[in-house]
1. If you take the beta carbon distance between A:Ala6 and B:Ala112 as r and set R0 to 51 Å, what does 1/(1 + (r/R0)^6) give as a FRET efficiency, to the nearest 0.05?
2. For peptide B:12-19, what's the mean number of Cβ atoms from other chains within 10 Å of each residue's Cβ?
3. Summing -39500 (n - 2.57) over the DSSP H runs of n ≥ 4 in the protein assembly as shown and dividing by its residue number, what mean residue ellipticity at 222 nm do you reach, to the nearest 500 deg cm²/dmol?
4. Count, for each residue of A:113-126, the Cβ atoms from other chains sitting within 10 Å of its Cβ, then give me the mean as a whole number.
5. Kirkwood hydrodynamic radius for chain B: how many Å is it when counted over pairs of different Cα atoms?
6. So in chain B, what percent of DSSP beta bridges are antiparallel if you round to the nearest 5?
7. How many Cβ atoms of partner chains, on average, are near each residue of A:12-21 if near means within 10 Å of its Cβ?
8. Using θ = phi - 60° and the Karplus relation 6.51 cos²θ - 1.76 cosθ + 1.60, list the HN-Hα couplings for the stretch A:125-137 in order, rounded to whole Hz, with x at every Gly or Pro.
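Taken together, the values in this text are just the output of simple stated rules run on the coordinates, not laboratory data. What you see is a predicted model, and the numbers here were worked out from it, not measured in a lab. Counting neighbours? That spans all protein chains shown, and the Cβs are built from the backbone with ideal geometry, glycine included.
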Amino acid sequence: MEAVLAAEWVAPSIARDRVRRWLTAHRWSRAHREDLVLAISEAVSNSVEHGYGISADDTTRFPLTPPGTIELHGQVITHADGVRHVEFTIRDHGRWIPPAMLGGNRGHGMAIMSACADKVTIDHTPVGTTVVVRSRPLPRPPLRLA
Amino acid sequence: MTVRSSDQDGAIVLTVSGDVDGLTASRLRTAIAEAFDRLDGRLLVVDLTDVTLLGSPGLRILRNSADEAVHHRGLLPLRIVVDATRPVIRPIEIVGLDQVLALYHSVDHALAGGDAPIAEG
């Protein structure tokens, strides 16, 4: 799946809906699917946040630039034995703010993404961040009897 | 996302429905703050059983609110109601908030008084 979202606070909701429908169409199990929906929601939320500056007391947000875009890409990979996994890429063009500058209790998003996936890689650059979420493997669906 | 406030059995119950994410979390924070202001010694129960997504912004507000109730306002500990079969319990357990928050299976349990949090069950 491919989606280009405006980096605004409604983006995580749109991303959740797209991911959920796409994984359902690919017959992903409910528990695995909901874990991935949660992980992608967190990744997209982080991307939205990268597009905003914050006030010193962490109470006010102001856009750094006109809202950019967040690109969301999903791909199912099927192994030789029928096992599948899915890989999502979330790319933004904002600015990453080190967690230390954001005050306490800021680590939850990362913990959620890590728990809900097999592997999460994050690449920060001054002009944007790319996150790759690799799902846990899913056994192939049982064959249907005729 | 909606937050409905009702007075029950000498407590305030906030019933939260829908997705709690970056777009909607500030409304939950406001509702909790308003409830704190009019608690007047009563218990505050936050019912999350109708929540369909609890993102990290929501987790942050729950943790901060629980902390504020006890450590900054001298109120009774906040009580959170979660249905163990819904997606809400998953992020709470991932970040370990089930060890910090007073969690209950139902509003009735939360209102019953006495200590019966899920984490100790």
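1. Taking R0 as 51 Å, the efficiency between A:Ala6 and B:Ala112 is 0.65.
2. 1
3. Computed ellipticity for the protein assembly as shown at 222 nm equals -9500 deg cm²/dmol.
4. Per residue, the average neighbour count from other chains is 1.
5. With all distinct Cα pairs of chain B included, I get 14.0 Å.
6. Once the DSSP bridges in chain B are tallied, antiparallel ones form about 30 percent.
7. 2
8. 10, x, 10, x, 10, 10, 10, 10, 10, 9, 7, 5, x
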